[in-house]
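Have a look at the structure below before the remarks.
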Amino acid sequence: MGDAPARRFTAAYGLSFLNLPAGEASLVVERAGERYALELDAGLRGLAGFFFDGAGKATVAGSATRAGAVTATFRIDSRYGGKPIAVALDLAGGRVRSASVEPPPTPRADRVPVAPEDKVGVVDPLTMLTIPLGTAPLDVSLCDRRIPVFDGASRADLVLSRGSLVTVSEGAYRGPALDCRVRWVPISGHRSGGSNVRRMAANDDLRVRFAPILDGTLLLPLSITVATGWGTVRIEATRWGGAAPGPEAPAAKPGVTVRLPNAR
């Protein structure tokens with residue numbers, strides 16, 4: 001990662017639905033100067049692991065400054081339901097130079113076409129979870145941002161707002177954190193008549209809590225909470241850097257892809 005020494009951070013997350021364990025994930029972050037790399041492995045367990053099977057990994061590399069993160073490459077290689085899924089993105093200056101999704105989305109009459117301008121000024125679905133800080137202090141204004149995201153087949157915006165500073169006193173991380181509300185706004189590539197798209201776009205009860213890592217130069221999600229019509233989905237850190245992990249959980253099936261909703 002260049003001449004600057006790379007710094008490494010690891011975190012583990014647990015996924016729950018209706019307060020029942022449903023999955024787990026591990027995230028590795030490396031940063032050297034303005035260059036960064038992320039690697040995510042995720043898996044389902046419990047009843048979710050019984051009904052769904054998958055394996056895979058998502059990786060990304062790019063650069064990050066106080067002005068924001070810029071993706072260079074993004075890859076997903078996975079298997080879901082016994083079928084391979086592969087996504088490859090290459091970008092330069094926020095502009096998509098090449099994109100491939102295998103298998104491609106099923107053609108539908110109500111699928112909104114992706115215009116050339118929808119692939120400009122975007123980041124990938126993994127980088128969207130990070131907020132570069134530089135030397136700036138943690139501040140509620142960091143929530144006031146709109147993040148354009150392209151996943152290889154669809155474009156959407158994450159709109160963050162209504163920030164508040166909190167102090168976390170229990171769990172894998174203890175210290176200051178930033179709470180933001182999030183809206184998902186579909187732009188193109190989605191099915192305009194898809195029920196999942198309509199529900200996600202109408203959901204105004206999605207919250208993300210960010211905490212600082214790597215000497216406070218980068219924010220990562222400490223927890224993500226999504227209220228649904230069936231109950232609350234929660235992703236919460238179970239290990240944060242060098243913090244001791246909690247009680248050992250049952251082994252998960254590796255690698256279910258984590259990315260933007262895309263009704264196919």
(message) Filter the range 70-103 down to the residues that are surrounded by fewer than 11 Cβ atoms within 10 Å (Cβ to Cβ) and of a type in the set (Lys, Arg) and list them by number.
(response) Lys83
(request) Considering each residue of the range 10-35, count those that are within 16 Å of the chain's Cα centre (by Cα) and touching a residue at least 40 places away in the same chain (Cβ under 8 Å), and give that number. (result) 11
(message) So Asp77 ticks every box in (1) closer than 30 Å to Gly175 by Cα; (2) under 19 Å from the mean Cα position of the chain (by Cα); (3) without any contact (Cβ under 8 Å) to a residue 24 or more places away in the chain but one. Which box is left unticked?
(response) (1)
(message) Can you confirm whether Glu248 is under 25 Å from Arg174 (Cβ atoms), among the acidic types (Asp, Glu) and at pLDDT below 65?
(response) yes
(message) Among the residues in the range 163-183, are any within 25 Å of Asp90 (Cβ to Cβ) and touching an Asp or Glu at 6+ places or on another chain (Cβ under 6 Å)?
(response) no
(request) Would you check if there is a residue in the range 151-161 being touching a His at 6+ places or on another chain (Cβ under 7 Å) and either closer than 24 Å to Pro221 by Cα or hydroxyl-bearing (Ser, Thr, Tyr) (or both)? (result) yes
(request) Output the residue which, of all residues in the range 172-226 that are in a loop (DSSP other than H, G, I, E, B) and loosely packed, with under 15 Cβ neighbours inside 10 Å, is farthest from the chain's Cα centre (by Cα). (result) Gly193
(request) Please go through the range 134-173 and pick out each residue that is more than 30 Å from Pro104 (Cβ to Cβ), charged (D, E, K, R) and touching a strand residue (DSSP E or B) at 6+ places or on another chain (Cβ under 6 Å). (result) Arg145, Arg162
(request) Note down all Cβ pairs under 6 Å where the first residue falls in the range 124-141 and is at pLDDT 90 or above, the second is surrounded by fewer than 22 Cβ atoms within 10 Å (Cβ to Cβ) and part of a loop (DSSP other than H, G, I, E, B), and they're at least six residues apart or on different chains. (result) Pro125/Arg259; Pro125/Leu260
(message) For the range 228-245, which positions are modelled with pLDDT of 85 or more and out of contact with any Leu (no Cβ under 6 Å at 6 or more places or on another chain)?
(response) Thr232, Val233, Arg234, Glu236, Thr238, Arg239, Trp240, Gly241
(message) Tell me yes or no: at least one residue of the range 104-117 is surrounded by fewer than 19 Cβ atoms within 10 Å (Cβ to Cβ), touching a strand residue (DSSP E or B) at 6+ places or on another chain (Cβ under 8 Å) and not in a loop (DSSP other than H, G, I, E, B).
(response) no
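The values are calculated or read from the model by the stated rules, or taken from the named source; none is laboratory data. Just so it is clear, the structure is predicted and the values come from calculations on it, not from any experiment. We place every Cβ from the backbone using ideal geometry, glycine too, and count neighbours over all the protein chains shown.
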